[in-house]
Amino acid sequence: MSEKMVKNREEYTLDGSVDRRGRPAIRSKYGSWNAGILLLVNQGLATLAFFGVGVNLVLFLTRVMEQDNASAANSVSKWTGTVYLFSLLGAFLSDSYWGRYKTCAVFQLIFVIGLASLSLSSYLFLLRPAGCGDEKNPCGPHSTLHVSLFYVSIYLIALGNGGYQPTIATFGSDQFDEDHPKESRSKVAFFSYFYLALNLGSLFSNTFLGYYEDKGVWAIGFWASTGSATLALILFLLGTPIYRHFTPKGNPFSRFCQVLIAAARKWTVAVPFNDDELYEVRGSDLADNGARKILHTDGFKFLDRAAVVSERDEAKEAKSKSGRNPWRLCSVTQVEEVKCILRLLPIWLCTIPYSVVFTQMTSLFVEQGAAMKTTVAGFHVPPASMSSFDILSVASFIFIYRRAIDPAVARLRKSGSLTELERMGVGLLIAIAAMLSAGGVEHLRLRHARPDCPGCPGSSGLSIFWQVPQYVLIGASEVFMYVGQLEFFNAQAPDGLKSFGSALSMTSISLGNYVSSLIVTVVMKVSTADDMPGWIPRNLNEGRLDMFYYLLAALTAADFAVYVVCARWYKYTRFEERSGRGNIGDDHLLV
């Protein structure tokens, strides 16, 4: 009988995941790499669709919508920032009410609608006169209605992709049981492969689609993106029977506010020296946190007052039929949930300047490439397609890190492999090198401007392939920063806020784009004084883009110094084992 009980217990996942009918998930039938691979393909196709629009959006704005370089770079930064800002909405709905599966499905549908709308509006209204939109034939003026339709379309794309991205990352990691030795390793590996799928998906966009869009064949590129997003949605829905799920945990914002208000109400109450005297819930009452307690920590002691059981709390609980009032008394786990978020914020803020560097790939790197020699043996190299070197760098460094760097570091260090925080720090250092490289290339580009026409746009004789090092360095930095960031925020976020943890990664990119837009605006304001053309004019040969890159390198270096302090201060969140772990099989045996 005991052997049968052990065998039956092992059939079920240990982390509390369920199937689509709410029953405990059977390990052999649901989740694992069967579902994980399907979600990686879904991510690759959706990314192909997104970058089919995003990678050349700056050129679409200058050639079709008639914006200048600085305005187009700002527009792209704001749009990209909005994409990732919508990730907070997706994370909130996912963690609180809809669950991750429904959130992914709904936002992918919005994504498809936005792409279809952009494809139609471009084909019918924006690409006029016929044949316009390439480097030599800019399009004519557009009506307010057509411009409005364009912006509605691209912001529907921003909403759909933004709400979907953090949720699909967390939903993919849900397919692996972190309490199972083998699957816990697969869960860590999934984030690396997820970021690899994201980059491989954009490879097609940056090469084939980028080439045709650079030639002015915008409608075909947008329709290809629409088809890819539609196929991604269909594949996602086909996997419905094999996914593992986690039940939404309720509104995290209200839980956060309850701790703050309860602590404020007990401002004069003394916190006991013994942690065991603080209030903690038991058993099924832990449902709001995925049936896991978070161990008490010493930081942010003022919040511990929310878990102090006063005489007034005991009296009110005795009189009340509904039990404790969560706005007066919170559990240690609920208090620690708030502490987790507060500890993550300084680390998160330090990742924003890195995202300022990262966003240059889709804006100023493209404009810099367009001002260089783009023909090789008679073949025109689209400036946006140079980001393919970033993708190849990401793919290479993911395998180099996992197969070479990580094992080597583990052998050399007594403490083992690099932590997520250490990897993020390495990413910042490589980002500084990328900006120095970009600045050096721009300095050379200016020196190779045509002597007979130094003021002509795109007149530099320096080959566009001089940009390769800066793209390769950005790719290497992403492997350390963004993969480490995804793992770190997902692992450190409380169980009821896993999608929020992934959204933190996305929103750092969002704010990075907004900060980039702000820096460009300030730089242009200062550098255009006294009738000067500024650092980033329409004609880059008259500007000093190299100085802008050096400025970003200096800002990132300062951010690295602050990051080191914050990383040394950070204390990792510790969880207790899940209540009822391993008992699911016994319950079903009795049934």
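Observations on the structure shown:
- Evaluating T103 against the criteria (1) crowded, with 22+ Cβ neighbours inside 10 Å; (2) of a type in the set (V, I, T); (3) free of Cβ contacts under 8 Å to residues at least 60 places away in the same chain leaves one unmet condition, (3).
- Test: residue in region 166-175 that is open to solvent by 10 Å² or more (accessible area, probe 1.4 Å) and in contact with a Ser or Thr (Cβ under 6 Å, 6 or more places away or on another chain): no
- When region 85-100 is filtered for residues that are open to solvent by 30 Å² or more (accessible area, probe 1.4 Å) and within 17 Å of T47 (Cβ to Cβ), only F86 remains.
- Single match in L118, L124, L159, L145 (criterion: open to solvent by 20 Å² or more (accessible area, probe 1.4 Å) and within 18 Å of F51 (Cα to Cα)): L159
- Annotation note: Cβ proximity below 9 Å between a residue of region 113-134 that is on the phi > 0 side of the Ramachandran plot and a residue that is open to solvent by 30 Å² or more (accessible area, probe 1.4 Å) (sequence gap 6+ or interchain) occurs for G131/N137; G133/K215; G133/V217.
- Selected residue [touching a helix residue (DSSP H, G or I) at 6+ places or on another chain (Cβ under 7 Å) and closer than 30 Å to N137 by Cα] from N206, N199: N206
- Against the numbered list (1) over 21 Å from G216 (Cβ atoms); (2) more than 15 Å from the chain's Cα centre (by Cα); (3) modelled with pLDDT under 80, N69 comes up short only at (1).
- Among the residues listed as T556, T573, the single one being assigned to a loop (DSSP other than H, G, I, E, B) and open to solvent by less than 70 Å² (accessible area, probe 1.4 Å): T573
- Any hit, region 13-35, residues being closer than 30 Å to N251 by Cβ, of a type in the set (D, E) and modelled with pLDDT under 80: yes
- Test: residue in region 56-67 that is closer than 18 Å to T507 by Cβ, assigned to a helix (DSSP H, G or I) and open to solvent by less than 30 Å² (accessible area, probe 1.4 Å): no
- Among the residues making up region 247-267, a single one is among the hydroxyl-bearing types (S, T, Y) and in a helix (DSSP H, G or I): S254.
- Number of positions in region 490-534 that are of a type in the set (A, V, I, L, M, F, W, C), open to solvent by 20 Å² or more (accessible area, probe 1.4 Å) and either closer than 18 Å to E420 by Cα or touching a residue at least 24 places away in the same chain (Cβ under 8 Å) (or both): 6
- Restricting attention to region 422-444 and to residues that are over 16 Å from P353 (Cα atoms) and of a type in the set (A, V, I, L, M), the residue that is surrounded by the fewest Cβ atoms within 10 Å (Cβ to Cβ) turns out to be L444.
- Selection of first residues in region 416-440 that are within 20 Å of I464 (Cα to Cα) and of second residues that are outside any loop (DSSP other than H, G, I, E, B) and among the charged types (D, E, K, R), restricted to Cβ pairs under 7 Å at least 6 apart or on distinct chains, gives the following pairs, ordered by first then second residue: G439/D546.
For (1) of a type outside the set (S, T, Y); (2) free of Cβ contacts under 8 Å to residues at least 60 places away in the same chain; (3) buried (at least 21 other Cβ atoms within 10 Å of the Cβ), each residue gets a yes or a no:
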residue	(1), (2), (3)
A197	yes, no, yes
S202	no, no, yes
N206	yes, no, yes
I220	yes, yes, no
T226	no, no, yes
T230	no, no, no
F236	yes, no, yes
G239	yes, no, no
H245	yes, no, yes
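- Residue among E487, E478 that is open to solvent by 10 Å² or more (accessible area, probe 1.4 Å), among the charged types (D, E, K, R) and either part of a helix (DSSP H, G or I) or closer than 17 Å to I294 by Cβ (or both): E487
The values are calculated or read from the model by the stated rules, or taken from the named source; none is laboratory data. Here the structure is a predicted model, which is why all the values come from computation and not from measurement. Don't worry about glycine lacking a Cβ; one is built from the backbone with ideal geometry, like all the others, and counts go over all protein chains shown. SASA here: full protein model, heavy atoms, side chains in, ligands and nucleic acids out. Shrake-Rupley method; radii C 1.70, N 1.55, O 1.52, S 1.80 Å.
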